[in-house]
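All remarks here apply to the structure that follows.
The values are calculated or read from the model by the stated rules, or taken from the named source; none is laboratory data. Since the model is a prediction, treat every value here as computed from it, not as a measurement. In this analysis, Cβ positions are derived from the backbone assuming ideal geometry, glycine residues included, and neighbour counts consider all displayed protein chains.
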Amino acid sequence: MPKRKATEDNNTVTQLSPPKRTLHHKGSRPAVKASQGDVASKNVLAPEQCMRAETPATPRATRSKRTRPGDHSAIQVSGNSPENSMARRKLHRANSPSQPPQSLPQVLPAHLTTCLRLQQRATLASLQTPSLFADEDIDEPPSANATASRQLQDLLCGSVTRGEGNSCLFLGPRGSGKTKIVEQAIKSLPHQPIIVRLSGHVQHNDRLALREVARQLSLQTGRSFLNDVDVVDENSNLFSDPIPSASLPPPSHLPALVSLLPTLSRPTIVILDAFDLFAQHARQSLLYCLLDTVQSCRVGQGSNGLAVVGVTSRLDAINLLEKRVKSRFSGRVLRTAPPVKSCHWMSLSRRLLCVPIDNGGEEWANMWKLAVDSFLTNRKVAEVIADTFALTRDVRTLQNLLVRVVAELRPSSPFPTLSQLTSALAPHRGAHFLDLYSLPYPSICLLIATMHAQTAGHDQVTFEMLYEMFREQLRASAAAPVQIEGGSIGMARCTREVLMTSFEWLLAARMFLGVASPSVNVAPEFVRYRCLVEREVLKKVVDTTGQTSLKKWFYKAS
């Protein structure tokens, strides 16, 4: 009897323990069976009651009575769980008719191939002439470019409409939009004037500039301003190259030709690109004649207007002018500036890539917009663009990158990707030269001398500097040669002509890049250059050569 009573007590304790929260399918038996006495007890719940009491109520999607099988709008979702929120978003996307696709195809469908080609042409055309970033895209005050553009338009409009004589200097770093602003200001004029474009990189002296002015005036006015030169002999050979000196007018014709500019049938605008190079001409005769004519041009004297616009990136361009030329200059300096934040580059990239096309269709427009958004919102892409912006703020660099990305689009890869941007950026981040390991001994010596100059703080070098470094190392090597197995090994001698020939070959291979425009007043050995070969790359080349003297000289620069 005591044993049986203990067994009944144990069963009672087992049934009074809280039931496990496990759900059973319909028709399955519970794991523990209850006796009749236990069911009749008030303190013990039946298994079905335990399931109803312990199982939480889960929200369900209820369907209306009149719901059709394909009608998603009739489905109502109750509850605030994450699953139900995701279900609501899916229903909202399914009900919105104009929602763009959320996934991009890996291979473009055949009926959209024509749209891809049209989009490439439109995007490349916009990248060839990129518009300046708009100030309304970013909540900031108007930029320096917008102010300079407005001031230049007012100045040119005064010369074209009122016949004024104006002069100004357009100053800004390379790639800040100087040329683009000048062209936009000319297109916005109410009347089309006579445009004379001169470049200091092409017209190295005043005689060449005078010849170019006469040629452009003849094309735009139909008159000949070089009567003695333009006469062509009928018996002469038209296919033979004329003698350059015979086709140039004498310098005495310069004041007479420039003084005719206000008397032409239309106003004249003279654009001097690389203005600082014109200031380096002998006696600055061209600048003196132009600015003197501008100063003597008065409103109401029966003459048309004349405007002279100098474009340069050199800050001290005004200080290069002679006293008599500076006294005739108006002193107006309009300054431009590149974008100041990387978000400006992102805004400009979005505007240049999202160019609308005709006959593209809504399907392609939504697909291309989604591709551009996913490309620019990628974290890796944003980091690459930000790193490039930190190195250079030249908008032309961004233009070249996007041109490479768009040009590589194919039906097999129709949308821009991070890998395309990285491959397009590789030539800009570091110069890759395939023939570095086959360089001769003199060329390697010049590159090592460049690394020594960079260590000394000279990023810009000349041939004369490299030659002097080579001579010093040659003398040091002769005084203390390298000893190998009882024999002394020194550096091999190279003449100045051999090194100059090697330096010219390096220039032709684009391993050295000029930082200043060529000038007749500077000897070739004193022109400044910047080396594009990186130190780590040259270190591998020197180690590959196996020449102990070159290794010793290179590691002295580290």
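If the requirement is being at pLDDT 85 or above, under 32 Å from the mean Cα position of the chain (by Cα) and not polar (S, T, N, Q), which of these qualifies: ALA426, ALA456? Even if it seems obvious, please write down each step before you answer.
Details: ALA426 fails: at pLDDT 85 or above.
Result: ALA456 is the single residue among ALA426, ALA456 that is at pLDDT 85 or above, under 32 Å from the mean Cα position of the chain (by Cα) and not polar (S, T, N, Q).
Would you check which residues across the stretch 276-309 are touching a Lys or Arg at 6+ places or on another chain (Cβ under 8 Å) and either assigned to a strand (DSSP E or B) or under 21 Å from ALA148 (Cβ atoms) (or both) and list them? Before you say what the answer is, go through the steps one by one.
If we filter the stretch 276-309 for residues that are touching a Lys or Arg at 6+ places or on another chain (Cβ under 8 Å), which is where we start, we get 276, 288, 291-292, 294-295, 299, 304-305.
Hits for the stretch 276-309 are ASP276, LEU291, VAL294, GLY305.
Would you check which residues across the stretch 344-356 are in a helix (DSSP H, G or I) and either touching a His at 6+ places or on another chain (Cβ under 7 Å) or among the aliphatic types (A, V, I, L, M) (or both) and list them?
Narrowing the stretch 344-356 to residues in a helix (DSSP H, G or I): 344-353.
If the condition is that a residue be in a helix (DSSP H, G or I) and either touching a His at 6+ places or on another chain (Cβ under 7 Å) or among the aliphatic types (A, V, I, L, M) (or both), then MET346, LEU348, LEU352, LEU353 are the ones that fit.
Among the numbered criteria (1) over 20 Å from THR392 (Cβ atoms); (2) modelled with pLDDT of 90 or more, which one does LEU171 miss?
Status for LEU171: all satisfied but (1).
Output the number of residues of the stretch 316-339 satisfying the condition of being free of Cβ contacts under 8 Å to residues at least 24 places away in the same chain and over 15 Å from LEU277 (Cα atoms).
Residues that pass the stated criteria total 4.
Scan the stretch 193-202 residue by residue and report those that are under 28 Å from SER303 (Cα atoms) and not in a strand (DSSP E or B).
Within the stretch 193-202, the subset under 28 Å from SER303 (Cα atoms) is 193-199.
PRO193 - this is the single residue of the stretch 193-202 that is under 28 Å from SER303 (Cα atoms) and not in a strand (DSSP E or B).
Here is a check on your reading of the model: is ASN359 surrounded by 17 or more Cβ atoms within 10 Å (Cβ to Cβ), in a loop (DSSP other than H, G, I, E, B), polar (S, T, N, Q) and out of contact with any Cys (no Cβ under 6 Å at 6 or more places or on another chain)?
On the way: surrounded by 17 or more Cβ atoms within 10 Å (Cβ to Cβ): no; in a loop (DSSP other than H, G, I, E, B): yes; polar (S, T, N, Q): yes; out of contact with any Cys (no Cβ under 6 Å at 6 or more places or on another chain): yes.
Spelling it out, it is not the case that ASN359 is surrounded by 17 or more Cβ atoms within 10 Å (Cβ to Cβ), in a loop (DSSP other than H, G, I, E, B), polar (S, T, N, Q) and out of contact with any Cys (no Cβ under 6 Å at 6 or more places or on another chain).
Looking at GLN473, GLN483, can you tell me which residue is outside any loop (DSSP other than H, G, I, E, B), at pLDDT 85 or above and either farther than 21 Å from ALA456 by Cα or not charged (D, E, K, R) (or both)?
Exactly one residue qualifies, and that residue is GLN473.
Could you check how many residues of the stretch 345-396 are within 22 Å of ALA122 (Cβ to Cβ), in contact with a Leu (Cβ under 9 Å, 6 or more places away or on another chain) and not hydrophobic (A, V, I, L, M, F, W, C)?
Residues meeting the conditions: 8.
Taking the stretch 409-421 as the region of interest, how many residues are buried (at least 16 other Cβ atoms within 10 Å of the Cβ) and either more than 16 Å from the chain's Cα centre (by Cα) or part of a loop (DSSP other than H, G, I, E, B) (or both)? Spell out how you get there, then give the answer.
Residues of the stretch 409-421 that are buried (at least 16 other Cβ atoms within 10 Å of the Cβ), as a first pass: 409, 414-417, 420-421.
From what's left, either more than 16 Å from the chain's Cα centre (by Cα) or part of a loop (DSSP other than H, G, I, E, B) (or both): 409, 414-417.
Summing the residues that are buried (at least 16 other Cβ atoms within 10 Å of the Cβ) and either more than 16 Å from the chain's Cα centre (by Cα) or part of a loop (DSSP other than H, G, I, E, B) (or both) in the stretch 409-421 gives 5.
On the basis of being more than 15 Å from LEU550 (Cβ to Cβ) and either exposed (fewer than 15 other Cβ atoms within 10 Å of the Cβ) or modelled with pLDDT under 90 (or both), does THR397 make the cut? Can you show your working first?
Values: more than 15 Å from LEU550 (Cβ to Cβ): yes; either exposed (fewer than 15 other Cβ atoms within 10 Å of the Cβ) or modelled with pLDDT under 90 (or both): yes.
Spelling it out, THR397 is indeed more than 15 Å from LEU550 (Cβ to Cβ) and either exposed (fewer than 15 other Cβ atoms within 10 Å of the Cβ) or modelled with pLDDT under 90 (or both).
Quick check: is even one residue across the stretch 384-398 among the acidic types (Asp, Glu), within 23 Å of THR129 (Cα to Cα), without any contact (Cβ under 8 Å) to a residue 60 or more places away in the chain and out of contact with any Lys or Arg (no Cβ under 6 Å at 6 or more places or on another chain)? So that I can check it myself, show each step before the final result.
Narrowing the stretch 384-398 to residues among the acidic types (Asp, Glu): 387, 394.
Of the ones still in play, those that are also within 23 Å of THR129 (Cα to Cα) are 394.
Now restrict to residues that are without any contact (Cβ under 8 Å) to a residue 60 or more places away in the chain: none.
Looking for residues that are among the acidic types (Asp, Glu), within 23 Å of THR129 (Cα to Cα), without any contact (Cβ under 8 Å) to a residue 60 or more places away in the chain and out of contact with any Lys or Arg (no Cβ under 6 Å at 6 or more places or on another chain), one finds none in the stretch 384-398, hence no.
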